[in-house]
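Chemist: This is the structure I want to talk about, given as structure tokens.
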Protein chains: 2
Amino acid sequence: MPMTDLRSSINVQHEEGDELSFWSKYPNVQKEMDKVEDVLEKTVKTRRKIVEEASMDLLKAGGKRIRPALTIICAQYGNYDSSKIVPLAAALELFHMATLIHDDIIDNAKKRRGIETAQSKYGKDVAVYTGDYLFSKAFLLAATVNHGEKILHLSRFVKAICEGEIEQHVSKYNYHTSASTYLKRIKYKTALLFGLCCQVGAEISECDPYIIRNLRKYGMALGTAFQLKDDLLDVTGNDETVGKPTGNDILEGVYTLPFLYTIQNTAYGQEVLNILKRHHFTKKDVTEIIHIIKQSGGIQYTKNLEDRYYDKAVSSLKRIPDHECTHILLDLIEMMRHRMS
Amino acid sequence: MPMTDLRSSINVQHEEGDELSFWSKYPNVQKEMDKVEDVLEKTVKTRRKIVEEASMDLLKAGGKRIRPALTIICAQYGNYDSSKIVPLAAALELFHMATLIHDDIIDNAKKRRGIETAQSKYGKDVAVYTGDYLFSKAFLLAATVNHGEKILHLSRFVKAICEGEIEQHVSKYNYHTSASTYLKRIKYKTALLFGLCCQVGAEISECDPYIIRNLRKYGMALGTAFQLKDDLLDVTGNDETVGKPTGNDILEGVYTLPFLYTIQNTAYGQEVLNILKRHHFTKKDVTEIIHIIKQSGGIQYTKNLEDRYYDKAVSSLKRIPDHECTHILLDLIEMMRHRMS
């Protein structure tokens with residue numbers, strides 16, 4: 001899929017040059033997403049200009065805003081109350097932004113969403129505190145909505161996500177990680193938050209527990225597929241489209257499924273191992289490894305798994321009574337399936 | 001004051017060799033502090049052993065636990081409910097621990113409370129996530145207590161404290177900081193949290209608003225004096241007693257009051273400036289600067305200010321009706337005044 005197709009699948013280039021988001025096809029979602037954007041912009045404003053700049057850089061770089069959109073859409077399955085849902089959706093995006101900023105410190109990442117990362121531009125001092133600041137703002141916003149219970153959810157997920165990140169850290173450079181361990185890791189890293197976004201939206205709108213449960217399952221499956229796609233893009237994408245250097249995961253010792261499959265399940269494994277053993281392992285060696293992964297079938301294996309999770313997401317939606325929002329969630333699956341960044 | 005005096009002022013050496021804390025003199029406080037300790041230990045347990053170890057190291061290194069003690073003591077001015085106060089007090093200590101761990105990343109600190117810091121022992125990856133994990137646990141605990149409102153408090157303070165830390169960061173190596181700007185900085189860095197600990201304790205016990213306000217003022221004044229003492233100890237203490245290398249603030253460009261006073265208000269200022277201008281500024285240069293600060297009266301100036309804040313703390317207590325807990329808070333002032341670490 002050429003890059004222009006990608007842009008049209010996520011952002012529609014407007015005649016005047018400004019971008020319309022994917023959500024503009026769904027006015028009831030777009031209207032609410034605009035409010036979320038306003039809340040986000042107001043929230044990152046602080047007297048500490050350097051924190052504001054670091055947050056604003058990330059905010060303005062865009063991103064897909066899938067998490068707040070999931071909350072809004074799932075909330076529309078019930079008694080939608082904009083005054084509760086918008087701050088909560090914004091809180092979930094802020095929370096996600098905080099984890100991105102802290103992740104970038106750890107990965108020593110130079111670029112994110114095509115722009116320089118906070119830690120690279122402002123130093124790790126500012127990055128640590130900007131992440132903490134966004135965390136606290138996320139909790140603050142969430143606390144204004146629901147007096148306690150949703151905060152409990154959010155805190156539990158912060159905890160789970162931190163545990164997931166630590167898990168990833170301790171298994172760095174470990175190529176013995178099994179596919180199931182890997183899937184558990186991305187559950188913590190991405191799927192839980194996608195599921196939470198769906199769940200809290202539906203809960204606050206007082207949906208039937210059966211609907212809440214299936215929307216959460218939809219979110220979990222979509223999040224898993226999303227992370228598998230992200231991991232694929234690190235291997236198959238190009239730097240410009242993806243907005244960060246490809247092969248970075250391998251360079252940093254974060255071994256994802258295409259890599260793990262290749263090393264553990266194919267005759268190409270030994271070749272990869274030999275490259276890993278080289279002294280002064282560089283980006284050039286990574287390119288060689290990526291070439292081997294492509295030959296080995298590691299990409300196709302991961303793509304198949306990704307597809308299975310999209311199917312799971314569809315199945316969850318099929319289990320709930322038909323609703324006008326269901327086609328949006330189905331469209332979102334297709335958009336995710338075809339994204340190239 | 002010799003070190004043995006200090007120990008008896010904070011920890012009483014028991015005959016069998018185990019330590020009794022300062023609070024053992026006050027059974028009603030000690031009993032609750034023991035419960036806080038249990039909650040802290042249970043809370044840092046996680047399947048991610050490395051996070052648990054990093055948290056446990058800091059927990060076991062002790063520290064004075066002043067913040068949770070303030071919450072417990074101030075709560076005893078009203079209708080004390082242990083089931084609410086203990087988790088909240090533990091949350092405040094966890095929150096403090098999280099900020100310590102993140103501070104150490106930024107300061108590149110090697111030691112804290114006499115032990116190796118998380119970032120030095122486990123790397124910044126683990127330190128960033130351990131801090132985040134403790135933050136989330138703090139919010140989680142606080143959310144179980146009070147459904148929303150106290151979380152709002154806590155989040156606001158995280159925000160304020162992050163802003164304070166950023167303020168400190170942006171003014172690093174700036175020796176033009178005025179005494180009033182410096183006092184504002186330590187307000188955010190330390191005093192607000194001390195004040196919050198007192199305030200939420202009294203609030204949850206449904207104290208009279210006048211009492212809540214004055215207990216908060218007590219906490220703010222005590223916190224300010226506490227930070228001034230900390231800054232003094234960085235200049236006057238010795239590595240072993242303080243548990244971290246002295247002069248570290250100056251080395252890291254964090255200029256505190258004894259330093260700022262000397263450079264801005266005394267004839268010794270130029271001498272200090274000349275040393276700062278040296279290439280390859282080292283610990284030896286810091287020792288020279290500390291010597292000059294001592295000659296210049298910078299220590300005495302800061303001590304006088306510290307005393308004024310203890311006096312303010314006493315005044316706040318005098319404004320509220322006599323209560324059996326007041327003598328504990330007065331004793332705490334004396335303990336703080338004479339501490340040497």
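The values are calculated or read from the model by the stated rules, or taken from the named source; none is laboratory data. Predicted model, so just to flag it, every value in this text is computed and none were measured. Ideal geometry is used to build each Cβ from the backbone, glycine not excepted, and the neighbour counts take in all protein chains shown.
Chemist: State which residue is farthest from the other protein chains (Cβ to nearest Cβ) when the search covers only segment B:54-70 and only residues that are in a helix (DSSP H, G or I), within 21 Å of B:L140 (Cα to Cα) and not hydrophobic (A, V, I, L, M, F, W, C).
Modeler: B:P68
Chemist: Those residues that are under 24 Å from A:C325 (Cβ atoms) and basic (K, R), I need them from segment A:176-232; list them, please.
Modeler: Within segment A:176-232, A:R213, A:R216, A:K217, A:K229 qualify.
Chemist: Output the qualifying pairs, or none if there are none: Cβ atoms under 7 angstrom, residues six or more apart or on different chains, first residue in segment B:252-280 and closer than 18 Å to B:S171 by Cα, second residue basic (K, R).
Modeler: If the second residue must be basic (K, R), the pairs left are B:G253/B:K172; B:V254/B:K172.
Chemist: Next question. Go through (1) within 14 Å of another protein chain (Cβ to nearest Cβ); (2) surrounded by 20 or more Cβ atoms within 10 Å (Cβ to Cβ); (3) farther than 19 Å from B:V36 by Cα; (4) of a type in the set (S, T, Y) one by one and return the number of the condition B:Y173 breaks.
Modeler: Of everything listed in (1) within 14 Å of another protein chain (Cβ to nearest Cβ); (2) surrounded by 20 or more Cβ atoms within 10 Å (Cβ to Cβ); (3) farther than 19 Å from B:V36 by Cα; (4) of a type in the set (S, T, Y), B:Y173 misses just condition (2).
Chemist: On to the next question. Does segment B:109-119 contain any residue that is hydrophobic (A, V, I, L, M, F, W, C), under 27 Å from B:N248 (Cβ atoms), buried (at least 19 other Cβ atoms within 10 Å of the Cβ) and touching an Asp or Glu at 6+ places or on another chain (Cβ under 6 Å)?
Modeler: no
Chemist: Name the residue, out of A:V39, A:V29, A:V51, that is within 11 Å of chain B (Cβ to nearest Cβ) and either at pLDDT 85 or above or not in a loop (DSSP other than H, G, I, E, B) (or both).
Modeler: Residue meeting the stated conditions: A:V51.
Chemist: Can you pull out every residue in segment A:276-302 that is out of contact with any Phe, Trp or Tyr (no Cβ under 8 Å at 6 or more places or on another chain) and assigned to a helix (DSSP H, G or I)?
Modeler: Selection gives A:K283, A:K284, A:D285, A:V286, A:T287, A:E288, A:I290, A:H291, A:K294, A:I299, A:Q300.
Chemist: Filter segment A:54-69 down to residues that are among the small types (G, A, S) and buried (at least 19 other Cβ atoms within 10 Å of the Cβ) and give me whichever is modelled with the lowest pLDDT.
Modeler: A:A54
Chemist: May I pose another question? Which number in (1) surrounded by 22 or more Cβ atoms within 10 Å (Cβ to Cβ); (2) closer than 20 Å to A:H176 by Cβ; (3) of a type in the set (S, T, N, Q) marks the one condition that A:Q270 misses?
Modeler: (1)
Chemist: Confirm whether B:G297 is surrounded by 15 or more Cβ atoms within 10 Å (Cβ to Cβ) and either of a type in the set (S, T, N, Q) or under 22 Å from B:R339 (Cα atoms) (or both).
Modeler: Yes: the conditions hold for B:G297.
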